[in-house]
Amino acid sequence: MAGLLRACDWIVPIPVAPKRLAERGYNQAWEMVKALRVLTKADCAPGWADALRRMGEAPDQHNLAAQQRVNNLKNAFQVNALHAHRLRDAHVLLIDDVSTTGTTLREAAEALRLAGASRISAAVFAHTAGG
């Protein structure tokens, strides 16, 4: 993992919807980014908590079937205009806590790709069965 952290240009957490963030008080993926940087002691790329924005308030993914997850997250992510220029031709590492079908990672990666990222890697803490 330390090698991947050093190889990327930017580390980007999967964002949480604004309402969910207000309820929870933190973004678990952003907390993972901070912990990874400390634990690996890697001289790695900076991370931005707000590089991606989650658009709208969609239902929780964990209660949805695979096709519903795809529909739920279509165009759900947008690159923050303040960071878009930094993403061009960059290797971005996406961080999320859990992956079931990979829909969240695919949709977030697509937003980064459209912003000009040349390479996108992903790391998750856990992968659930099913989906």
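The values are calculated or read from the model by the stated rules, or taken from the named source; none is laboratory data. If you're wondering where the values come from, they're calculated on a predicted model, not measured in any experiment. Ideal geometry is used to build each Cβ from the backbone, glycine not excepted, and the neighbour counts take in all protein chains shown. Only protein heavy atoms, including side chains, enter the accessible area calculation; ligands, DNA and RNA are left aside. Shrake-Rupley method; radii C 1.70, N 1.55, O 1.52, S 1.80 Å.
Applying the condition of being out of contact with any helix residue (DSSP H, G or I) (no Cβ under 8 Å at 6 or more places or on another chain) and either within 14 Å of residue 11 (Cα to Cα) or modelled with pLDDT under 75 (or both) to segment 47-58 and asking which residue is most open to solvent (accessible area, probe 1.4 Å) yields 50. Taking residues in segment 109-131 that are in contact (Cβ under 8 Å) with a residue 12 or more places away in the chain, and partners anywhere that are among the charged types (D, E, K, R), the pairs with Cβ atoms closer than 6 Å and at least 6 places apart or on different chains are 116/88; 118/89; 124/96; 125/97.
One line per residue, one yes/no per condition, for (1) of a type outside the set (A, V, I, L, M, F, W, C); (2) open to solvent by less than 90 Å² (accessible area, probe 1.4 Å); (3) at pLDDT below 90:
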position	(1), (2), (3)
33	no, yes, yes
45	no, yes, yes
60	yes, yes, yes
69	yes, yes, yes
83	yes, yes, yes
95	no, yes, no
111	no, yes, no
114	no, no, no
121	yes, yes, no
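Out of everything in segment 1-17 that is at pLDDT below 85 and within 17 Å of residue 96 (Cα to Cα), what residue ends up being most open to solvent (accessible area, probe 1.4 Å)? Filtering segment 1-17 for residues that are at pLDDT below 85 and within 17 Å of residue 96 (Cα to Cα), the one most open to solvent (accessible area, probe 1.4 Å) comes out as 1.
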